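Engineer: Quick one: the structure is below, questions incoming.
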Amino acid sequence: MSSTDPPSDSSSSSIITPSRTRPPIEDPSSPYYIHPADGPGISLVSEKLNDTNYQTWNRAMFMALSVKNKSGFVDGSLTKPIGDPILANYWDRNNLLVMTWLNNSLSKEIHHTVQYHNSALDLWNELKQRFHQASGPRLFQLRRDLLNLQQQNLSVNTYYSQLKILWDEICNFRPKCDCGVCPTVGVGGHFSGGGYSMMSRKHGLAVDNIIDAIVINANGEILDRDSMGDDLFWAIRGGGGTSFGIVVAFKVKLVTVPETVIVFNVARTLEQNATQLVHKWQYISDKIDENLSIRVFLGSVIKGSSSKENQRIQASFTSLFIGGGVGDLLQIMEEKFPELGLVEEDCIEMTWIESVLFFGRFPNGSPIDALLNRTGYGYKYFKGKSDYMREPIPKHGLEGIWKYLNEEDQNGFELQFSPWGGKLSTISESETPFPHRSGNIFMIHYVVDWSTDSQRHLNWTRSLYSYMAPFVSKSPRTAYLNYRDLDIGRNNDEGNITSYKQASVWGFKYFKNNFNRLVRVKTNVDSSNFFRNEQSIPPLPYYITKKNGIINNESFIV
């Protein structure tokens with residue numbers, strides 16, 4: 001999924017808006033409110049922190065503090081107010097209270113070593129620094145127990161319960177994945193469907209960096225790369241893991257990022273030559289230095305009062321550069337894309353993790369821990385579609401897009417152009433199920449969100465998608481699995497077998513010729529179609545699979 005504007009979230013700000021009728025310390029919705037039962041002597045968790053249980057303790061403690069509306073004191077989102085002595089006093093009182101709760105939850109041996117911190121945040125961070133890395137042996141043991149777990153004489157409920165206990169504790173050790181170009185993306189779907197990111201031109205997709213996995217198959221067996229075999233390991237890296245089993249873990253090859261990266265976001269309206277700039281971008285975006293990724297976001301903005309007359313089409317050129325300093329970036333842009341007019345003042349140096357906040361459109365100054373907030377976006381409904389481009393859109397085609405974006409009440413819509421080239425285009429189409437490699441110059445994501453009048457928004461999106469048909473890839477018109485689109489085809493309802501011929505309508509759009517191999521893998525590992533969804537890979541029917549050699553014949557038709 002691509003980035004969209006997150007809603008404003010009071011938990012990521014140090015500003016507290018007091019109730020109009022009573023001060024914050026008396027308002028139960030305020031983090032400064034202290035319930036009469038919340039004394040310094042209470043214990044918030046049942047098990048104290050020791051040398052071996054940091055992950056479970058950390059999760060339990062944070063949940064307890066969240067229930068008390070005090071999590072901001074340990075995640076850095078609620079800093080001490082400046083310039084308001086009354087609020088500062090409230091903050092001091094709550095900070096000390098949270099510190100006592102933390103100390104009450106520590107073993108005697110640990111408690112004696114952390115008595116001299118001045119804030120709950122400092123205490124929380126020291127415990128994380130000391131004990132997070134020490135959890136390595138426990139994680140190793142959990143993984144070994146998971147691989148050795150077998151059902152044997154256990155009931156299904158008992159077996160599932162033991163499996164879930166192990167897996168839930170393993171999940172607590174996992175770092176949050178700031179993958180792709182959206183900070184709330186789920187790592188499992190991101191990896192198994194391909195996994196595009198701002199660094200894909202340099203390092204490839206997520207699937208290009210997977211080196212092992214753990215899968216539970218339809219028989220309840222727990223398999224790693226060696227035991228699952230080459231075909232299944234190939235299929236889950238871009239073919240959608242939910243078709244073949246439950247992927248409970250991926251092992252990935254990490255890549256190196258520089259200490260600082262450079263980002264910029266330069267916006268231009270039609271009056272500022274946006275049409276010519278987007279047209280030129282199509283010719284250079286996939287050929288430019290692989291350390292530079294420039295995405296384009298097309299939408300409409302309101303200039304001045306909110307009215308149709310003040311609506312303007314805008315193209316935002318948003319970039320990540322990981323190949324040197326500002327001077328290096330400016331030199332590349334001057335040589336390849338001088339028309340954009342990038343200047344030093346447009347360029348911002350930051351760490352890579354800070355760039356995740358930048359591309360996620362978090363407010364300036366947001367703490368890194370804001371990425372841990374999993375609150376959903378404010379809109380109720382969302383629709384996405386995708387295309388791959390093998391030729392630039394001519395200027396008259398862009399002008400047709402502007403007409404759609406200019407339509408009334410379509411400010412919730414955005415076209416996202418993501419560049420290809422670099423390592424993305426050096427890998428064979430059949431290396432993984434993800435086939436969109438050499439020959440593509442960029443990918444389009446059509447995004448629309450709304451709260452009311454669903455059918456009108458859906459019709460509008462589908463109309464624009466139809467308009468784009470002459471300009472996009474053909475035979476088939478390809479699409480990105482992670483931008484799931486049921487408009488292009490779906491399986492039958494539960495209980496009705498979907499044929500190969502029916503599924504191929506959408507299957508070849510996502511996977512091209514790799515769809516045939518995916519069907520063969522599905523038939524071999526899940527012939528009963530236990531794992532299924534609206535666009536899961538279907539198995540071949542039983543009578544077909546029994547014909548001599550048909551399962552290995554890539555020209556089969558059902």
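The values are calculated or read from the model by the stated rules, or taken from the named source; none is laboratory data. What you see is a predicted model; the values in this text were computed from it and never measured. Don't worry about glycine lacking a Cβ; one is built from the backbone with ideal geometry, like all the others, and counts go over all protein chains shown. These accessible areas exclude ligands, DNA and RNA; they are computed on the full protein's heavy atoms, side chains included. Shrake-Rupley method; radii C 1.70, N 1.55, O 1.52, S 1.80 Å.
Condition check ((1) farther than 30 Å from LEU205 by Cβ; (2) in contact with a Phe, Trp or Tyr (Cβ under 8 Å, 6 or more places away or on another chain); (3) at pLDDT below 80) across all residues:
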| residue | (1), (2), (3) |
| --- | --- |
| PRO7 | no, yes, yes |
| ARG20 | yes, no, yes |
| GLU26 | yes, yes, no |
| LEU44 | yes, yes, no |
| LYS48 | yes, yes, no |
| TYR54 | yes, yes, no |
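For every residue, the table says whether it meets (1) closer than 26 Å to GLN535 by Cα; (2) open to solvent by 50 Å² or more (accessible area, probe 1.4 Å); (3) assigned to a strand (DSSP E or B).
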position	(1), (2), (3)
ARG268	no, yes, yes
LEU277	no, no, no
TRP281	no, no, no
VAL296	no, no, yes
GLY299	no, no, yes
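Engineer: Considering each of VAL252, VAL207, VAL257, VAL215 in turn, give the residue that is surrounded by 15 or more Cβ atoms within 10 Å (Cβ to Cβ), at pLDDT below 90, of a type in the set (A, V, I, L, M, F, W, C) and more than 30 Å from ILE313 (Cβ to Cβ). Reasoning before the result, please.
Structural biologist: On the way: VAL252 fails: at pLDDT below 90; VAL207 fails: at pLDDT below 90; VAL215 fails: at pLDDT below 90.
VAL257 is the lone residue from the list that is surrounded by 15 or more Cβ atoms within 10 Å (Cβ to Cβ), at pLDDT below 90, of a type in the set (A, V, I, L, M, F, W, C) and more than 30 Å from ILE313 (Cβ to Cβ).
Engineer: Another question, if that's okay. Starting from segment 36-62, take each residue that is of a type outside the set (Lys, Arg) and list its partners that are open to solvent by 80 Å² or more (accessible area, probe 1.4 Å), counting only C-beta distances under 7 angstrom and pairs at least six apart or across chains.
Structural biologist: These pairs meet every condition: THR52/ARG138; ASN53/GLU47; TRP57/GLU47.
Engineer: Which of the residues belonging to segment 464-484 are surrounded by 12 or more Cβ atoms within 10 Å (Cβ to Cβ) and either assigned to a helix (DSSP H, G or I) or without any contact (Cβ under 8 Å) to a residue 24 or more places away in the chain (or both)? Give the derivation first.
Structural biologist: Within segment 464-484, the subset surrounded by 12 or more Cβ atoms within 10 Å (Cβ to Cβ) is 464-465, 467-468, 471-473, 476-484.
Selection gives LEU464, TYR465, TYR467, PHE471.
Engineer: Can you confirm whether ASP387 is of a type in the set (D, E, K, R), farther than 23 Å from SER473 by Cβ and under 29 Å from the mean Cα position of the chain (by Cα)? Show your work before the answer.
Structural biologist: Numbers: of a type in the set (D, E, K, R): yes; farther than 23 Å from SER473 by Cβ: no; under 29 Å from the mean Cα position of the chain (by Cα): yes.
No, not satisfied.
Engineer: Sticking with this structure for a sec: Looking at segment 423-445 only, could you name the residues that are open to solvent by 20 Å² or more (accessible area, probe 1.4 Å) and not in a helix (DSSP H, G or I)?
Structural biologist: Applying the first criterion (open to solvent by 20 Å² or more (accessible area, probe 1.4 Å)) to segment 423-445 yields 423, 425-431, 438-439.
Residues satisfying the conditions are THR426, ILE427, SER428, GLU429, SER430, GLU431, SER438, GLY439.
Engineer: Which one of ASP286, ASP230 is open to solvent by 20 Å² or more (accessible area, probe 1.4 Å) and within 25 Å of SER319 (Cβ to Cβ)? Steps first, please.
Structural biologist: Details: ASP230 fails: within 25 Å of SER319 (Cβ to Cβ).
Result: ASP286 is the single residue among ASP286, ASP230 that is open to solvent by 20 Å² or more (accessible area, probe 1.4 Å) and within 25 Å of SER319 (Cβ to Cβ).
Engineer: Taking segment 316-361 on its own, how many of its residues are farther than 17 Å from ALA267 by Cβ, polar (S, T, N, Q) and open to solvent by less than 20 Å² (accessible area, probe 1.4 Å)?
Structural biologist: 1
Engineer: Sticking with this one: Of the conditions (1) part of a helix (DSSP H, G or I); (2) modelled with pLDDT of 95 or more, SER504 clears all except one; give me its number.
Structural biologist: For SER504, the failing item is (2).
Engineer: Residues in segment 446-454: is at least one at pLDDT below 90 and in a helix (DSSP H, G or I)?
Structural biologist: yes
Engineer: Next up: Looking only at segment 216-246, which residues are β-branched (Val, Ile, Thr) and in a helix (DSSP H, G or I)? Spell out how you get there, then give the answer.
Structural biologist: Start the filter on segment 216-246 by keeping residues that are β-branched (Val, Ile, Thr), which leaves 216, 222, 236, 242, 246.
Passing the criteria: only THR242.
Engineer: So in segment 66-77, with the set limited to residues that are in a loop (DSSP other than H, G, I, E, B) and closer than 22 Å to VAL45 by Cα, which one is least open to solvent (accessible area, probe 1.4 Å)?
Structural biologist: As a first pass, look at segment 66-77 and keep what is in a loop (DSSP other than H, G, I, E, B): 68-71, 76-77.
Narrowing further to those that are closer than 22 Å to VAL45 by Cα: 68-71, 76.
Numbers: LYS68: 65, ASN69: 62, LYS70: 2, SER71: 27, GLY76: 22 Å².
Across segment 66-77, the extreme among qualifying residues is LYS70.
Engineer: Follow-up. Of all residues in segment 491-525 being within 28 Å of the chain's Cα centre (by Cα) and over 27 Å from GLY439 (Cβ atoms), which is least open to solvent (accessible area, probe 1.4 Å)? Break it down into steps so the answer makes sense when it comes.
Structural biologist: Let us first name the residues in segment 491-525 that are within 28 Å of the chain's Cα centre (by Cα), namely 491, 503-515, 517-519, 521-522.
Next, only the ones that are over 27 Å from GLY439 (Cβ atoms) stay: 491, 522.
Details: ASN491: 18, LYS522: 0 Å².
Per the criteria, the residue is LYS522.
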